[in-house]
Amino acid sequence: MALADKATIDSGVPGEILMERAGRAVARAAIRIAGGRYGKRALVVCGKGNNGGDGFVAARVLAGEGMGVTCVLTFDRSEVSGAARSHLMRMERAGISPRPFDADAFRDNDVYVDAIFGTGFSGEPRGVPAEAIAALASCRPIVAVDIPSGVDGSSGAVVGDAVDAEVTVAIAAEKVGTALPPGSVHAGRVEVVDIGIDTEGRFTDAPRVEVAEIDDVALALGVRGPETHKRSAGSVAILAGSDEIHGAPLLSARGAVRMGAGYVTLGSTAAVKEAASVFPELLVRGLTDDGVLGPACLDSFSDVIDRADALAAGPGIGTGRAQRALVERILSEVDIPVVLDADALNVLSSDTTPLEKREAPLVITPHPGELARLLGRPTSGIVADRLGAAIEASRRWPSAVVLAKGQRTVIASGGGTEVVVVPTGGPELATAGTGDVLTGALAACLARSVSPAAAAMAAAYVHGMAGTIAGERIGSGGVAAGDVAEALPAAVEAVRRR
């Protein structure tokens, strides 16, 4: 973003003009959040950088619109420079005299503007800025300029206190710090404003990170026309389950059916086949009486795979030698798109060579623990930087799309060059089996000839929406994985209506 900003200024647009546009956008948001202009009071809290400069513009514009405005500085006035200094002086000429930090100024305002730290901040706030952030903790509503102060703009990390904003006005483009938690939690609603900075160019070799939007998902899902039949809707094959674990394979199958697959065939053990009798829409084939799926099961299931458009494997299969041999055969012999989840990933953690050799389409869907085992790193490191871990995995296994599950799912593809953050999903998904539902839903998307990366994005987005819908139906505290599966059609319909 800094390079894009510099390129725009180098092309002939003065920094003062860009700052004016940004500050005016912030002022418009503040007026809307305050519910009007006249008789309203605004407190603008400014730091010494360009973020503070945007705040000076916002303060001047708000006063010109009829608001009562107080501007508080978190630094010595002599420290400000450049375009920010120019706008500080313009604000003062407009009759607004900034004052040093004073906790009393934070009382009885209709709206607060956080312009303390910008996107270059990292670490823990200290000194007067930290005091100002603490004072804003009891203030509502807050409009943050570009990013809530205290949030690391490059990662979303929060070390100390951070502002909790109702709205974050993102200048030119949303930043990683508000796309990923915990920064995304502090950001509230993110509103991107165009101030004339070109963000479409490639300014570095770093991966391009984007946020999935509902229109992107609608395009990926496509439309079921009147001529659609069960084969054209996509055929999904699933290899999952064991005599010890019946629920995971059935939840995956349920996810595929509810996501709209025309045919879903589950290959599993004899015990799972018996348990599947409660699910009449599902075709089930018992592949073994041994209790677990082994490499020979691929032969018994080959006719199903030959007719399928996508294969999902892993939920509930266990982690023995036989299961690893099965997964190795799938990766080397199955040419249709494959989704690997759960135990299909765990059995590869000691040696990921089969992933490296895979050339046909592949999506892996690890949660932080599974991704940690695959990369040979502590789980805590994955949790701290799920974005970086997903990119690393995509670079290590370039044929795979890596769907790194967690609050705001991260999807990396193209050898780590393209990254999508999925903004849907909430605490309703924090229950056993929801990942199995996602596996089936993703296989259904893949079966409709969608590119693997687009299928991963669409499935994760709809799955997150389904969790929210399920929570609204029965209460978020009691959502089970089956409820999420049953809400998938409503989520798909909501996307298509949009």
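General remarks:
- A single entry from GLY160, GLY183 fulfils the requirement of being at pLDDT below 95, under 21 Å from ARG140 (Cα atoms), in the same structural domain as ALA132 (by TED's automatic domain parsing) and not aliphatic (A, V, I, L, M): GLY160.
- Criterion: touching a residue at least 12 places away in the same chain (Cβ under 8 Å), crowded, with 21+ Cβ neighbours inside 10 Å and not β-branched (Val, Ile, Thr) - qualifying residue of ARG373, ARG396, ARG408: ARG408
- Tabulated pairs, the range 12-29, first assigned by TED's automatic domain parsing to the domain that holds VAL113, second buried (at least 23 other Cβ atoms within 10 Å of the Cβ) and outside any helix (DSSP H, G or I), C-beta under 7 angstrom, 6+ apart or interchain: ALA22/ILE171; ALA25/VAL169; VAL26/VAL113; VAL26/VAL143; VAL26/VAL145; VAL26/VAL169; ALA29/VAL143; ALA29/VAL169
- Near pairs, Cβ below 7 angstrom, 6+ apart or cross-chain, from the range 315-342 (in a helix (DSSP H, G or I)) to any residue that is among the aromatic types (Phe, Trp, Tyr): none
- Of all the listed residues (ALA103, ALA115, ALA135, ALA94), the sole one being touching a helix residue (DSSP H, G or I) at 6+ places or on another chain (Cβ under 6 Å) and at pLDDT below 95 is ALA103.
- Of all residues in the range 86-111, those satisfying the criterion of being without any contact (Cβ under 8 Å) to a residue 24 or more places away in the chain and basic (Lys, Arg) are ARG93, ARG107.
- When the range 325-379 is filtered for residues that are of a type in the set (Gly, Ala, Ser) and either over 21 Å from ALA453 (Cα atoms) or not assigned by TED's automatic domain parsing to the domain that holds SER449 (or both), the ones remaining, listed by number, are ALA325, SER349, SER350, GLY369, ALA372, GLY376.
For (1) within 33 Å of the chain's Cα centre (by Cα); (2) over 24 Å from PRO100 (Cα atoms), each residue gets a yes or a no:
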position	(1), (2)
ALA22	yes, no
ILE33	yes, yes
VAL44	yes, no
LYS48	yes, no
GLY55	yes, no
ALA63	no, no
MET67	no, no
CYS71	no, no
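- Leading residue by the ranking (nearest to ASP5 (Cα to Cα)) among those in the range 168-178 that are buried (at least 24 other Cβ atoms within 10 Å of the Cβ) and touching a residue at least 60 places away in the same chain (Cβ under 8 Å): ILE171
Okay, residues lined up against (1) of a type outside the set (Gly, Ala, Ser); (2) within 30 Å of ALA206 (Cα to Cα):
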position	(1), (2)
LYS6	yes, yes
GLU20	yes, yes
ALA42	no, no
VAL57	yes, no
LEU62	yes, no
THR70	yes, no
SER78	no, no
MET91	yes, no
ALA94	no, no
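- Test result for LEU43, surrounded by 15 or more Cβ atoms within 10 Å (Cβ to Cβ), more than 19 Å from PRO129 (Cα to Cα), in the same structural domain as GLY127 (by TED's automatic domain parsing) and not basic (Lys, Arg): no
- Residue count, the range 205-219 (criterion: assigned to a loop (DSSP other than H, G, I, E, B) and closer than 27 Å to ALA144 by Cα): 4
- Where strands (runs of 3 or more DSSP E) sit wholly within the range 51-167, those with at least 2 residues that are touching a Lys or Arg at 6+ places or on another chain (Cβ under 9 Å) and surrounded by 16 or more Cβ atoms within 10 Å (Cβ to Cβ) occupy 68-73, 111-115.
- Any chance GLY201 is modelled with pLDDT under 95, closer than 30 Å to ILE17 by Cα and either surrounded by fewer than 17 Cβ atoms within 10 Å (Cβ to Cβ) or in the same structural domain as SER449 (by TED's automatic domain parsing) (or both): yes
The values are calculated or read from the model by the stated rules, or taken from the named source; none is laboratory data. Everything quoted here is computed from the prediction, not taken from an experiment. All Cβ positions, even for glycine, are placed from backbone atoms using ideal geometry, and neighbour counts span all protein chains on display.
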